[in-house]
Structures are given as C-alpha cells and as structure tokens.
1. Please enumerate the residues belonging to segment 223-241 that are surrounded by fewer than 17 Cβ atoms within 10 Å (Cβ to Cβ) and part of a loop (DSSP other than H, G, I, E, B).
2. Restricting segment 171-201 to residues that are in a helix (DSSP H, G or I) and away from ligand 1 (no atom under 16 Å from the Cβ), which is nearest to the chain's Cα centre (by Cα)?
3. Pull up segment 162-186, narrow it to residues that are closer than 13 Å to E115 by Cα and of a type in the set (G, A, S), then point me to the one that is nearest to ligand 2 (Cβ to nearest atom).
4. Among the residues in segment 76-83, are any polar (S, T, N, Q) and either at pLDDT 95 or above or in contact with an Asp or Glu (Cβ under 7 Å, 6 or more places away or on another chain) (or both)?
5. Return the pair list, or none, for Cβ contacts closer than 8 Å from residues in segment 228-240 that are closer than 19 Å to R14 by Cα to residues that are open to solvent by 10 Å² or more (accessible area, probe 1.4 Å) and within 12 Å of ligand 1 (Cβ to nearest atom), at least 6 apart or on different chains.
6. Select from segment 45-59 the residues that are under 15 Å from L151 (Cβ atoms), open to solvent by less than 70 Å² (accessible area, probe 1.4 Å) and in a helix (DSSP H, G or I) and list them in ascending order.
7. With a cut-off of at least 1 residues that are at pLDDT 95 or above, crowded, with 20+ Cβ neighbours inside 10 Å and within 15 Å of ligand 2 (Cβ to nearest atom), name the strands (runs of 3 or more DSSP E) lying wholly within segment 91-161.
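The values are calculated or read from the model by the stated rules, or taken from the named source; none is laboratory data. It should be emphasised that the depicted structure is a prediction, and the values quoted were computed from it without experimental measurement. Note that each Cβ is placed from the backbone with ideal geometry, even for glycine, and that neighbours are counted across all protein chains shown. Accessible surface areas use protein heavy atoms only, side chains included; no ligands, DNA or RNA. Shrake-Rupley method; radii C 1.70, N 1.55, O 1.52, S 1.80 Å.
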Amino acid sequence: MFSPTLIERLKTARSVAVLTGAGVSAESGIPTFRGESGLWKKFRPEELANFNAFMANPELVWEWYNWRRKLISEVKPNPGHFALAQLEQLKPEFVLITQNVDNLHHLAGNEKVYELHGNIMRSRCVDCNKIITNLNPEITTKIPRCACGGLLRPDVVWFGEMLPAHVIELAFQAARESEVFLTVGTSAQVQPAASLPIEALRNGAYVVEINFEPTVISHVVDESILGKSGEVLPQLINMLKN
Ligand code: BV8
Ligand code: ZN
C-alpha cells in the first residue's frame with residue numbers, strides 16, 4: 001500500500017503537515033458533506049452555511065447547528081484521529097490543518113491544530129465578537145443572545161466569509177515548509193483550503209492523498225492512496241515506527 005518513497009520520505013522528514021476534511025470523521029459517525037449520505041444531499045449550504053441566510057432566519061440555522069452539535073457531542077475520535085495524534089509525537093515540526101469544525105482532533109490529543117473553518121462548539125456575538133464556549137444546547141433559546149444583546153452565531157466560517165487571516169497564513173506557511181504533506185478525507189473542492197496541497201507541491205514537499213475515493217487533485221499529488229483513513233493511517237504510523 002505504501003511506496004518505499006513515502007516510507008523513506010516520512011521516516012526522514014522533520015516537518016510534516018496534514019490537511020483533513022470530513023472524511024477523517026466519517027468513521028466516527030459524522031456525515032460528510034458531499035458523500036452519499038452527505039449533509040449537502042439533505043441541506044442546502046446557501047440556506048444554512050452563510051451569513052445572509054443566518055440573519056434572514058437565525059432560528060432555522062441554529063436548529064441545524066444544534067442538531068450537528070448534539071450529533072458531534074455523542075461521537076468519539078476514531079483510529080484515524082489517534083494515528084494523527086501519534087504522528088505529532090513522532091515529528092518535531094508537525095502541523096494539523098483541518099476544515100472540520102467537530103473538535104475531534106483535539107479530543108484525540110493533537111495540539112498543533114489550525115481550525116480553518118472554526119469550531120462548532122464555540123459561539124460568537126455578531127455585534128461585539130465575544131466568544132462563548134459553553135453554550136448549553138439544552139437551555140438554549142431558539143435564538144441565543146449575547147450579554148450585549150447581540151445575536152450569537154456558531155463560531156464557524158460560512159461560505160463567502162474570509163477565513164481567520166492569521167490561521168490561513170500559518171497554514172500556507174506550514175504547507176510551504178513541509179517536507180511531507182498528507183491530505184486526508186477531503187474532496188478538495190472548497191477554497192482556499194483546497195490550494196494547500198498544491199502550495200506544498202510547489203515548494204517541493206512529497207504530497208500524499210489518503211481518501212476513500214479519487215478527488216480533483218488525485219492526478220496532481222505524488223501518491224494517492226484509496227482507502228478509509230481510520231484503517232490506512234494506523235498502518236502508516238506502524239510502518240513508521242518499525
Ligand atoms: C472565501 C464550516 C473569500 C461551516 C465550511 C468559485 C471558485 C472558487 C472558490 C469559490 C467560488 N465561489 C465561491 C468560492 C469560495 C468558496 C468555495 O470554495 N466554494 C466551493 C464550494 C466552490 N469558499 C468560501 O466561501 C470560503 N471563503 O473564499 O472567502 C471570499 C469572500 C467573498 C467572496 C468570495 C471569496 C469559506 C469556505 C468555508 C465554508 N465553511 N465549513 C460548517 O461546517 O457548517 S466548508 C465545509 O465544506 C467543510 O469545512 C469543508 O471545508 C467542506 C467539505 O469538504 P470536505 O471536508 O472535503 O468534505 P466532502 O464531503 O466534500 O469530502 C469528504 C471526502 O472524504 C470525500 O472525497 C470522501 O470520498 C472522503 N471520505 C469519506 N469517508 C472517508 C473518506 N476518506 C477517508 N476515509 C473515510 N472513511
Ligand atoms: Zn455581544
């Protein structure tokens with residue numbers, strides 16, 4: 001499954017960067033976005049994951065995010081998450097860049113995590129930008145409000161919204177400086193995240209895709225390994241340790 005080049009490059013690399021998407025959390029029971037039972041099959045992103053839709057109907061958007069919060073609060077990290085936490089321990093310069101808002105990389109033990117699209121368990125005031133982390137879904141009124149009276153929104157990045165500038169800058173820097181770059185469980189269709197593997201490739205990293213099915217970047221990366229991240233990543237780490 002793993003080429004001698006990958007093993008050699010990963011064994012000798014000091015700096016490793018990993019980009020993850022919804023696929024890495026699929027084996028934990030969280031639906032992906034574009035897969036067969038993907039979220040976008042049932043819900044329309046333009047209706048739920050953008051600011052104007054929120055201001056037009058905050059109750060509907062909160063209903064959806066509370067449904068996802070409840071689902072996420074009931075699942076655990078899977079062996080794919082834990083393998084990436086081990087990889088962080090093995091590599092002096094390791095960065096995990098995620099599009100996921102589910103907090104599972106943190107729960108699995110990763111520390112150096114760049115959350116490109118925010119975190120669903122946090123809330124932010126649209127007026128004073130105050131961040132609230134412990135908004136209890138049980139007592140939450142249909143439309144939670146900040147102490148300043150402002151509307152609270154999930155602290156995630158919606159379509160058409162800029163990503164947090166310092167996080168995206170750090171992510172592109174990590175991609176440029178990586179000797180090995182892994183892109184795991186992402187269809188690589190959402191920008192600017194999908195440009196990170198290309199940035200790494202342009203700067204000489206050995207770029208490897210681990211995904212359940214081919215993606216739009218499978219033909220440009222150095223190696224594309226088709227499989228479930230919860231099975232492939234633990235094998236890769238075992239290979240590294242031997
Ligand atoms: C922005 C948070 C500047 C919210 C998310 C036209 C061209 C290019 C770009 C654009 C364009 N029009 C608009 C844009 C910009 C837009 C964009 O890229 N749109 C796409 C759809 C064309 N980007 C933005 O709006 C970004 N902001 O650009 O600001 C700007 C400002 C104004 C105007 C223009 C530009 C903000 C993007 C962030 C949006 N927020 N999430 C929430 O979660 O509720 S995006 C969300 O969807 C996720 O975070 C993730 O990023 C994306 C889903 O992608 P994946 O994670 O890859 O999931 P997917 O289901 O697609 O794929 C899963 C893969 O896993 C599959 O391939 C499957 O085979 C595989 N898999 C499944 N199971 C497993 C597995 N693999 C391994 N193991 C398994 N077990
Ligand atoms: Zn406020």
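1. G227
2. Among those that are in a helix (DSSP H, G or I) and away from ligand 1 (no atom under 16 Å from the Cβ), it is A174.
3. A165
4. There is at least one residue in segment 76-83 that is polar (S, T, N, Q) and either at pLDDT 95 or above or in contact with an Asp or Glu (Cβ under 7 Å, 6 or more places away or on another chain) (or both).
5. Final answer for the pair search is L233/P79.
6. Within segment 45-59, A53, F54, P58 meet the criteria.
7. Those strands (runs of 3 or more DSSP E) span 118-125, 152-156.
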